[in-house]
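Undergrad: Following this message is one structure expressed as structure tokens.
The values are calculated or read from the model by the stated rules, or taken from the named source; none is laboratory data. Just so it is clear, the model here is predicted, and its values are computed rather than measured. FYI the Cβ positions are ideal-geometry reconstructions off the backbone, even for glycines, and counts take in every protein chain you see.
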Amino acid sequence: MAGASGGGNSGHRENIAAGIGLMILGMFIFSVNDALGKWLAATYTVAQILLFRSAAAAVVLVPVLRTSGLKQAMWMPRPWLETLRVGLATAETICFYAAVSVLPLADAVTYYLAGPIYVTLIAALFLGERVGWRRWTAVLVGFGGVILALQPTTGIFGWHALIAFAGSVIYALLMIVTRMLRGTSATVMAAWQIWTGLLFGVATAWWHWTPIASSFDILLLGLLGVVALGAIVCVNRSLAYAPASVVVPYQYTMIVWAIVFGYVFFGDVPDLLTLLGAAIIVGAGLFIYFRERKVRGEMSKDIVPGP
């Protein structure tokens, strides 16, 4: 495993169960964020959404940073890699909100769920993470479940679908870079991600400003930032605890929440094939988890105790 082969934070111990649990929790929180974002994207521009959500997240985060020393909390040990990460995070967010403003929530999320396939390939090639054929098969089966849940029709393919696809590739790269920065404080990574989104919003929101309809909308825009902050922290910590090829497939659970929230808030009623696809996706993710546990158990038997 990459975490045991040097180059990382030697004082950090991997915890596969904690990593998976944090990824699942992060995906649920992101799903709440996605549903709220889709609601707001019907009225406001992507830049406005980023501006308000980043500002609200910053208000929450600054007191946390001050308790540990603002200068220390803002220090980046690998600035160029962190700059790449926050650039990818901002680009991925822009792609998602641009896509979800038109596509149904479940359809937009489904495109993003193809991301773990790219992550597994990149992690195996560049991070040295060992991925056996069984987990490769489980990832491909999970992608088959995504296609089954999506039930593609000619009506959903177009520029917004291509934007969602591009966003899924960017998201996969973001997960890989985050894994490479696992020695960096999760608070620092979340902070820089927020500052970048805020900078983008300040620089671009005024181009096509939509007047804020009510104080309630301001509250919702702010809540978007707080929810996103919680999700970002969960995902960052997940990738610090476990390899990307193990935890990232658990973003498949987002399709379940997309179906639920799509029905509750937007009146989308999933059919039997959609529910079957969701079950396959979750099942594939669970298989990856149990397979990883078995592999780690087998590997521990190969360790010969010292004299």
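Undergrad: Is it fair to say L239 is in a helix (DSSP H, G or I), among the aliphatic types (A, V, I, L, M) and at pLDDT 85 or above?
TA: no
Undergrad: Is segment 176-186 home to any residue that is modelled with pLDDT of 85 or more, closer than 25 Å to V86 by Cα and surrounded by fewer than 17 Cβ atoms within 10 Å (Cβ to Cβ)?
TA: Checked segment 176-186: no residue is modelled with pLDDT of 85 or more, closer than 25 Å to V86 by Cα and surrounded by fewer than 17 Cβ atoms within 10 Å (Cβ to Cβ).
Undergrad: Considering only residues that are in contact with a Gly (Cβ under 7 Å, 6 or more places away or on another chain) and either under 13 Å from A91 (Cβ atoms) or without any contact (Cβ under 8 Å) to a residue 24 or more places away in the chain (or both), which ones fall in segment 157-185?
TA: Residues satisfying the conditions are S168, Y171, A172.
Undergrad: Go through the residues of segment 70-92 one by one and say whether even a single one is more than 15 Å from M189 (Cβ to Cβ), in a helix (DSSP H, G or I) and touching a residue at least 60 places away in the same chain (Cβ under 8 Å).
TA: Yes, because at least one residue in segment 70-92 is more than 15 Å from M189 (Cβ to Cβ), in a helix (DSSP H, G or I) and touching a residue at least 60 places away in the same chain (Cβ under 8 Å).
Undergrad: Only residues that are outside any helix (DSSP H, G or I) and either loosely packed, with under 14 Cβ neighbours inside 10 Å or aromatic (F, W, Y) (or both): list them for segment 187-227, please.
TA: Those that are outside any helix (DSSP H, G or I) and either loosely packed, with under 14 Cβ neighbours inside 10 Å or aromatic (F, W, Y) (or both): W209, T210, P211, A213, S214.
Undergrad: Being of a type in the set (D, E, K, R) and surrounded by fewer than 24 Cβ atoms within 10 Å (Cβ to Cβ) is the filter here, so list the residues in segment 84-106 that pass it.
TA: E92
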